[in-house]
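The values are calculated or read from the model by the stated rules, or taken from the named source; none is laboratory data. From a predicted model like this one, the values you see are computed outputs, not experimental measurements. Virtual Cβ from ideal backbone geometry, glycine too; neighbours counted across all protein chains shown.
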Amino acid sequence: MPTVMSLMKRTAQLAATCAMLAAAVGCQEKVELRYSEQLEKVHTVAVLPFVDAPGNHAKGSGRVVVNEVITQLYELPEIRVVERSRLAAIIKEKDFQDLVDPSKASEIGKLTGADMVILGNVPQYAAQQDYGHIAVYVVSGGSTKYTHRVGLSIRAVLVDTGRVVYSGSGQGSDSEGYTKAAQIAASRALRKLKLFYEQTRSPKE
């Protein structure tokens, strides 16, 4: 019969093996979402325009973030994203204003034939200046760099019930620009939803 010490040693070995496998092949955690039964029925998603971050410098930030959110959704198995041109035409024709209201989102979703609508806002969109000084003998110089930071908050609303079935937030930072920072933020905000569909559906060919 194995002793307590041998069982502990074996458990530690298994944990170390799992950690090594996770690093090598990207082991995924098991994700269980509260509204998993409803989410399993979703096959078409519409993404509404996101609300820009505050400040004149952040005008258009919602559009930048939406681009990255849609890119993430394209990777999901058995999920189709409503074309943005079609969505924009419906919003303009019906003169929808409050695009963060779940009831309005549900109404828009019905007109597009979507099962679920994603809406959100960009609470953070700023560049932090980092100044570095270099001195070599009698020659000195400086260089100015920026760290771009993007934060977003999203909600996913079922069209038939108007219920919020998923919410997420994410932050990203990058020295190259806002686009990369927005990509990181979108990936983090959608992480659990992506894992859920990857685990419950077959991957795209």
**Residue that is farthest from L193 (Cα to Cα) [pool: residues in segment 11-62 that are small (G, A, S), modelled with pLDDT of 55 or more and loosely packed, with under 14 Cβ neighbours inside 10 Å]** = G55
**Request:** Please find, among V82, V122, V69, the residue that is in contact with a Leu (Cβ under 6 Å, 6 or more places away or on another chain) and either over 17 Å from A189 (Cα atoms) or in contact (Cβ under 8 Å) with a residue 12 or more places away in the chain (or both).
**Result:** V122
**Prompt:** What are the residues in segment 63-114 that are buried (at least 17 other Cβ atoms within 10 Å of the Cβ), under 18 Å from D52 (Cβ atoms) and among the small types (G, A, S), if any?
**Reply:** A105
**Request:** Sort out which residues of segment 33-66 are in contact (Cβ under 8 Å) with a residue 60 or more places away in the chain and acidic (D, E), and write them in order of number.
**Result:** E40, D52
**Request:** Give the residues of segment 153-191 that are assigned to a strand (DSSP E or B), of a type in the set (V, I, T) and buried (at least 16 other Cβ atoms within 10 Å of the Cβ), sorted by residue number.
**Result:** I154, V157, V165
